[in-house]
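What follows is one structure encoded as structure tokens, with my remarks underneath.
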Amino acid sequence: MPYRLPHTLSRLACVAIALLLSACATAPWERGKEPPADGAREPTLPPYFLRADVDDPFERIDRAIERIGTSEPSPASRPEIPPEPSVDIWQRLVDRFEFSSCPSGSRAEQWAVWFGERHDYLGRVMVRAHPWLHDIADQIEARDLPGELALVPIVESAYDPFAYSHGQASGAWQFVAATGREYGLEINEYYDGRRDLHAATRAALEYLETLNNRFDGDWNLALAAYNGGQGRVARAIRRNAARGQSTEWSELRLPRETLAYVPKVNGLGCLFKNPMRYGWQRPQWRDQAQIAKIELDGPIDVVQLSVLADLDLAELVALNAGLSSHLTSPTGPHHIIVPRALAPRVRESLPELDQTEILIWRNIEVQGGDTLSALALRHDSSVRALREANGLSNEGFLQIGQVLRIPDGNRSPEHSPYADRYAELAQLQQRLLPTRRFRHVVRPGESLWVIARNYSVRVDDIRRWNRLGSSSLIRPGQRLMIEMEGPAGPSPTVSYTVRRGDSLWLISRRHRVSMNDLMRWNDLDESSILRPGQTLTILRES
């Protein structure tokens, strides 16, 4: 049950925690740093209501991932025969490298040097990659693909499952929604498979294999197509071929970003093959699973599970970044990822979950011109989910005035003894997930003009997004969808004050802008040194 501290003690606790976090705001992995002995975990975090305003959610997720990667497996989960000390998970992948090449003076070699000099950056990326590498290596081997493909998420997102680009690509593998769905990823109100590293890895490898087959086994062309689009690459090849010019990827007329993308992957391949040449120390990790996939019979409440199985909520969010709610998706996929050592405890807890009224439903009324696909898009659902929830056949037609029910994944159970945990999860997800689409609940006294002003959008746009006529009235409690071109707010710029432990990369990630833009706006370069208290300008419309 939540408890309260006296006002004075609360203020002292907040100050103490803020000082503690500021002192610890350093890279989660550094060369020479030893993991905690005997699987030691970080001290128990203070209550949610004490740390809510001082925690950086991205930093908290990184610390959670670091704990998962450095914790020792339980004796029951340790392999009977320890792995050979000379072969670790990265060596297993490097042994499968096929195409990476860095000729002297090439852009690929320049990128190998660039990455090799940035120990702190690669250290943070390695921490994020660690729990997933064993599964990725298994999938690469099962498909007989080159090991360099495990490096693609480094270039795409720095292995950040919460990465979201201005081109609306999402997740560690940076899928746009249409391509993600084409390769089997579910995207709905509860879950976005692009952020689920387990599911997205399978989709990405299948997509890359398809591209490689299309471009006659040329992995550099496949990578260019992964970044720039297969249609664009195919047109560039046809154009060069018609002119009698080379169809090598480097000779094609492609966007600057794509022409830099392929050398980055090649450069990383050279760095991982020969790290000592570039002054870098590749991490050596046991070739064993760090995480476990738990199959579920249907949707569950992850907050309940975290209580019953004594799971760290930040670790649960870090490993299940695809979740957008406290519920797993009613339409699947029905699985959850947990630290491997805790898998037995989680399986034992599943039968104890209270599954009564796990879904909270709300009704929507069909209007003229509505279709299932339009309703699914408007309410962050899917056609399949609407059909299943309302017993609709594939041939069934909607009628004006027909009432359909849809599950409301954004409402937590009322009067729950775990209210603080629901609030903690909601705040984590709200601060981590993209904020380009809002579900606004109309409050008493609000008008469309007031709502439009608050979100810096036009009244006509709100009407269009929600199929409202010029004379339509809104009522308290009604939900309106708000689409944003950028983060909400009336000002196109914000000022950011540098804190201890900040870097250009961390700040750009936290504000979802590119590091190049951040440097350009503030007349900085990659060698610039940031100082606590320094003020940076960030353009919110970028």
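Assess whether Ala108 counts as being of a type in the set (A, V, I, L, M), within 11 Å of the chain's Cα centre (by Cα) and either assigned to a loop (DSSP other than H, G, I, E, B) or not assigned by TED's automatic domain parsing to the domain that holds Asn320 (or both). The answer is no for Ala108. For the range 387-406, filtering for residues that are outside any helix (DSSP H, G or I) and either among the aliphatic types (A, V, I, L, M) or surrounded by 17 or more Cβ atoms within 10 Å (Cβ to Cβ) (or both) leaves 6.
Conditions (1) in contact (Cβ under 8 Å) with a residue 12 or more places away in the chain; (2) under 16 Å from the mean Cα position of the chain (by Cα), marked per residue:
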position	(1), (2)
Asp120	yes, no
Arg124	yes, yes
Val127	yes, yes
Tyr159	yes, yes
Ser165	no, yes
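For every residue, the table says whether it meets (1) closer than 30 Å to Gly279 by Cβ; (2) in contact with a helix residue (DSSP H, G or I) (Cβ under 6 Å, 6 or more places away or on another chain); (3) at pLDDT 95 or above; (4) assigned by TED's automatic domain parsing to the domain that holds Asp517.
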| site | (1), (2), (3), (4) |
| --- | --- |
| Ala129 | yes, no, yes, no |
| Leu133 | yes, yes, yes, no |
| Leu205 | no, yes, yes, no |
| Asn212 | no, yes, yes, no |
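Pick from Pro85, Pro75: which is at pLDDT below 90 and closer than 24 Å to Pro344 by Cα?
Details: Pro85 fails: closer than 24 Å to Pro344 by Cα.
One residue alone meets the criteria, Pro75.
On inspection, Pro263 does not qualify as in contact with a helix residue (DSSP H, G or I) (Cβ under 6 Å, 6 or more places away or on another chain) and outside the structural domain of Asp144 (by TED's automatic domain parsing). From the list Ser495, Ser491, which one is modelled with pLDDT of 65 or more and of a type in the set (S, T, N, Q)? Among Ser495, Ser491, only Ser495 is modelled with pLDDT of 65 or more and of a type in the set (S, T, N, Q). With respect to (1) more than 21 Å from Glu109 (Cβ to Cβ); (2) at pLDDT 95 or above, the lone exception for Val265 is condition (1).
Annotation: of all residues in the range 129-155 being without any contact (Cβ under 8 Å) to a residue 40 or more places away in the chain and among the charged types (D, E, K, R), the one that is farthest from Ile65 (Cα to Cα) is Asp144.
If you go through the range 470-488 and pick out every residue that is within 21 Å of Ser514 (Cβ to Cβ) and either surrounded by 14 or more Cβ atoms within 10 Å (Cβ to Cβ) or at pLDDT 70 or above (or both), you end up with 4. Within the set Ala172, Ala129, the sole residue that is assigned to a helix (DSSP H, G or I) and surrounded by 19 or more Cβ atoms within 10 Å (Cβ to Cβ) turns out to be Ala129. Return the residues of the range 206-231 that are assigned to a helix (DSSP H, G or I), closer than 15 Å to Gly180 by Cα and not hydrophobic (A, V, I, L, M, F, W, C); say none if nothing qualifies. Listed by number, the residues that qualify are Glu206, Tyr207, Glu209, Thr210, Tyr226, Asn227, Gln230.
If you go through the range 256-276 and keep only what is without any contact (Cβ under 8 Å) to a residue 40 or more places away in the chain and part of a helix (DSSP H, G or I), you end up with Arg256, Glu257, Thr258, Leu259, Met276. Of the residues that make up the range 164-173, is at least one under 18 Å from Pro263 (Cα atoms) and either at pLDDT below 95 or among the aliphatic types (A, V, I, L, M) (or both)? Among the residues of the range 164-173, not one is under 18 Å from Pro263 (Cα atoms) and either at pLDDT below 95 or among the aliphatic types (A, V, I, L, M) (or both), which makes the answer no. Of note, Tyr191 does not satisfy the criterion of being crowded, with 21+ Cβ neighbours inside 10 Å, at pLDDT below 95 and on the phi > 0 side of the Ramachandran plot. The set of residues from the range 525-535 being under 14 Å from Ser514 (Cα atoms) and either at pLDDT 75 or above or in contact with a Leu (Cβ under 9 Å, 6 or more places away or on another chain) (or both) comprises just one member, Glu526.
The values are calculated or read from the model by the stated rules, or taken from the named source; none is laboratory data. Note that the structure is a prediction, hence the values are computed from the model and not measured. Here the Cβ is made from the backbone with ideal geometry for all residues, glycine too, and neighbour counts use every protein chain on show.
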